[in-house]
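The values are calculated or read from the model by the stated rules, or taken from the named source; none is laboratory data. Here the structure is a predicted model, which means the values were calculated and not measured. Note that each Cβ is placed from the backbone with ideal geometry, even for glycine, and that neighbours are counted across all protein chains shown. Side chains included, ligands, DNA and RNA excluded: accessible areas come from the protein's heavy atoms. Shrake-Rupley method; radii C 1.70, N 1.55, O 1.52, S 1.80 Å.
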Amino acid sequence: MKKFCTNCGTNLTEGAKYCLNCGASVDGKKEGTVSSSVPQTEGKSKVVAGLLAIFVGAFGVHNFYLGYTGKGIAQLLLTLLSCFVLSFISGIWAFIEGILILTGEIKKDAYGVDLRE
């Protein structure tokens with residue numbers, strides 16, 4: 001199983017004690033720790049997330065994009081299971097989230113990575 005530095009997302013070599021890219025400790029004793037999940041070295045776009053929320057947010061697309069799958073599924077099901085009758089609820093919900101994303105009130109994705117401009 002590949003290991004990645006949670007500090008910078010770089011792929012670590014087998015038996016490494018420190019990340020060669022950022023110098024973070026692999027053993028977790030210092031601030032940088034190792035994760036076996038998929039690395040994410042660059043944050044998602046704030047503009048893309050905000051526009052997805054405003055234009056197709058009733059389907060939860062922006063939440064899937066940011067990694068919030070639970071919220072995305074909730075919005076999608078609210079829209080589809082009501083045969084679009086209650087889509088205005090998830091649409092308003094998404095519109096508000098889109099404004100919050102674009103104004104910088106929502107600053108991180110589901111993995112704690114800062115959204116980029």
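Please find, within the range 4-18, the residue that is farthest from the chain's Cα centre (by Cα) out of those that are assigned to a loop (DSSP other than H, G, I, E, B) and closer than 21 Å to ASP114 by Cα. Lay out the reasoning, then the answer.
To start, the set of residues in the range 4-18 that are assigned to a loop (DSSP other than H, G, I, E, B) comprises 6-10, 13-17.
From what's left, closer than 21 Å to ASP114 by Cα: 6-10.
On the way: THR6: 15, ASN7: 16, CYS8: 16, GLY9: 15, THR10: 18 Å.
My answer is THR10.
Any idea which of GLY28, GLY98 is at pLDDT 95 or above and open to solvent by less than 60 Å² (accessible area, probe 1.4 Å)? Explain how you work it out, then say what you get.
On the way: GLY28 fails: at pLDDT 95 or above.
The conditions single out GLY98.
Kindly list, by first and then second residue, each pair from a residue in the range 75-93 that is touching a residue at least 60 places away in the same chain (Cβ under 8 Å) to a residue that is open to solvent by less than 30 Å² (accessible area, probe 1.4 Å) and among the β-branched types (Val, Ile, Thr), limited to pairs with Cβ atoms under 6 Å and residues at least 6 apart or on different chains.
none
Is it fair to say LEU52 is open to solvent by 20 Å² or more (accessible area, probe 1.4 Å) and touching a His at 6+ places or on another chain (Cβ under 8 Å)? If you could, list the steps in order and put the result at the bottom.
Details: open to solvent by 20 Å² or more (accessible area, probe 1.4 Å): yes; touching a His at 6+ places or on another chain (Cβ under 8 Å): yes.
Considered against the rule, which asks whether it is open to solvent by 20 Å² or more (accessible area, probe 1.4 Å) and touching a His at 6+ places or on another chain (Cβ under 8 Å), LEU52 comes out as yes.
Filter the range 55-86 down to residues that are within 17 Å of TYR111 (Cα to Cα) and either open to solvent by less than 50 Å² (accessible area, probe 1.4 Å) or in contact with an Asp or Glu (Cβ under 9 Å, 6 or more places away or on another chain) (or both), then give me how many there are.
Here the count works out to 8.
Output the qualifying pairs, or none if there are none: Cβ atoms under 8 angstrom, residues six or more apart or on different chains, first residue in the range 1-25 and without any contact (Cβ under 8 Å) to a residue 60 or more places away in the chain, second residue among the acidic types (Asp, Glu) and in a loop (DSSP other than H, G, I, E, B).
So the pair list comes out as ASN7/GLU31; ALA24/GLU31; SER25/GLU31.
Of all residues in the range 40-68, count the ones that are over 23 Å from CYS8 (Cα atoms) and in a loop (DSSP other than H, G, I, E, B).
Total satisfying the criteria: 1.
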